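Here is the structure we will look at, set down as structure tokens.
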Amino acid sequence: MRGMGALRTALAFVILVMLHYTLRPLLAWRAQPDFLLIALLLVAIRVRPGVAAVVGLIMGFVADSLALHAFGSAAMAMSLVAFSASWLKAVFFADNLALNAVFFFVGKWAFNVIYLLMERRYAGGELLMQVLVWSSLSAAVTAFMGLLTLLILRPILRTSSQ
Amino acid sequence: MAAPARSGSRRDSLVLAACVALALVARVVPEPMKEPAATSLRRTVVAPLVALQRDAELSRKAFLEREEIARVRDSVALDGMMDAAIRRENEQLRRTVGLGARLRWGFVPAEILHGQSIGEEYTVTLSAGSRAGARPYSPVVAADGIVGMVKTVDPGMSIAILWSHPDFRVSAMAADGSAFGIVAARLASPGPRNLLELRGVPMRSTLKPGTMIWSSGMGGVFPRGIPLGTVIAEDKQPMEVWARTYILKPAVNPADVDAVMILRPERQQGGLQGIWASPASVDSAVRRIVAAGDSAARQAAADSARRAAAADSTSRAATPAPPPAPDSGTARRTPPAPAAARRDTIRRDTTTRRAAPRDTTRSTP
């Protein structure tokens with residue numbers, strides 16, 4: 001990823017980060033879309049796994065800075081998810097919307113599971129509820145928003161060079 | 001190509017391990033050590049993002065409050081409208097209570113159920129039926145005057161035609177007895193259809209605008225002394241050549257009336273003179289009722305009014321009738337006593353004469 005490609009990806013990344021801190025509070029849904037994770041996945045599939053892990057770590061710390069009780073949890077979860085996404089990127093090279101939706105869904109769900117386990121706030125049935133219900137809902141919403149983002153930002157995120 | 005790929009993969013794994021280790025350290029270090037790192041992040045990288053988030057949340061709050069404000073404003077407006085309606089209904093009920101106090105006997109109170117469909121513009125359903133004492137051809141009156149006439153009666157309800165019905169007729173007279181005629185709904189196609197007209201007035205009788213028109217009691221259905229309306233103007237294009245026709249503003253707008261009184265047959269025979277003739281005493285009675293704070297006070301006020309009215313009627317019966325008041329206002333509001341001579345006069349003067357009672361409907365069975 002060099003030159004124009006990097007610039008385009010950076011632009012899309014900034015837009016998504018902005019959306020995370022503007023659109024999400026406006027929507028205020030119970031199951032929130034995670035634009036930070038969408039941005040991370042979009043970057044992760046365009047860089048090496050190590051770089052993706054570092055980007056995930058940084059973004060995780062940024063997210064953690066507002067949640068002191070779980071400082072480090074998001075960093076860990078994003079590093080792992082970004083690394084995995086980058087490592088699996090060959091699978092998702094295809095420009096298939098359904099496949100990308102699954103990619104966003106699994107990424108968000110995995111992030112939530114790792115985060116919840118690291119955070120250790122929930123246990124037992126409550127944790128199961130969070131993992132199976134709310135994380136799944138949030139992952140579904142994120143996948144939907146990710147698809148919308150891909151459709152809207154398609155001119156920017158063209159992957160013909162890959 | 002395989003060796004660089006493997007080394008690259010190993011390097012990525014090492015980077016991942018380092019990231020995971022850093023995250024774990026950040027997770028397990030004590031709170032005082034986390035706080036400086038988090039604070040420095042919040043004050044540098046995250047600050048603009050947090051500002052964005054705060055603005056977004058403020059925008060959302062403002063949006064929600066706008067909806068709340070609009071909702072409260074609408075509720076207040078609705079309450080205001082309902083308040084006005086309740087005030088109007090209260091006023092009507094007070095006036096109806098005043099009418100009931102004046103009638104004293106021989107009436108059935110009823111509520112009007114206004115019809116909403118086509119064909120029900122001229123009829124209303126009344127909540128009182130034959131069980132309550134309503135009978136066909138019973139006059140329906142409100143505090144301001146005549147409303148209509150009961151047409152059909154069921155045990156629990158009855159249907160009345162309004163004065164706006166094409167078949168509605170009342171034998172009428174001017175307040176000073178100077179003119180007699182038949183009042184019917186004004187159905188002329190040009191102009192409003194919410195007016196009455198006084199037909200068959202002798203050519204020699206002229207009525208000034210503002211003259212009150214009352215029922216004359218000649219037809220046998222409507223007793224004498226019920227207000228029908230006030231003269232607005234003379235109709236310059238009457239159907240009759242030898243008689244005048246006057247346009248009247250009705251005393252009652254049926255659409256504004258919710259509570260009425262159905263006069264029973266014995267009351268029709270007893271007459272209604274004086275019932276609508278003393279608005280001042282009625283208003284004072286109503287004021288007394290309104291001023292009474294509780295039911296006991298209302299009851300006491302009603303009892304005293306009843307006693308005073310009874311004493312007044314006794315004294316009136318014992319003493320001869322006083323001469324008519326000199327001022328025209330009082331004379332206009334007071335219907336004259338029935339006079340056979342006037343009846344004869346009008347019979348001579350009118351060009352059209354009917355064998356049937358004047359204030360009956362065309363569809364009389």
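Each reported figure results from applying straightforward, stated rules to the coordinates on display, with no laboratory input. Keep in mind the model is a prediction, meaning the values are calculated, not measured. Cβ sites come from the backbone with ideal geometry, for glycine too, and all protein chains shown count toward neighbours.
Rounding to the nearest 20 debye, state how big the charge dipole of the range B:24-171 is about its Cα centre with +1 on each Lys and Arg Cβ and -1 on each Asp and Glu Cβ.
Using only the charged Cβ atoms, the result is roughly 300 debye.
What's the longest piece of chain A with no exposed trypsin sites (Lys or Arg not before Pro), counting a site as exposed if DSSP puts it in a loop and it has at most 16 other beta carbons within 10 Å?
A:31-119
Put a dot 7 Å past each Cα toward the Cβ at B:Arg135 and B:Thr39; how far apart are the dots in nm?
Result: 9.8 nm between the two label points.
Excluding residues fewer than 8 places away in the same chain, name every one of the lysines whose C-alpha is closer than 28 Å to that of B:Lys236.
List returned: B:Lys208, B:Lys249.
Which of B:Val140, B:Leu103, B:Val170 sits closest to the plus end of the dipole of the range B:33-187, meaning its Cα is farthest towards the positive end, when Lys and Arg get +1 and Asp and Glu get -1 on the C-beta?
B:Leu103
Do any chymotrypsin sites (Phe, Trp or Tyr not before Pro) in the range A:47-154 lie in a DSSP loop with no more than 11 other beta carbon atoms within 10 Å, and if so, which?
Those satisfying the criteria are A:Phe93.
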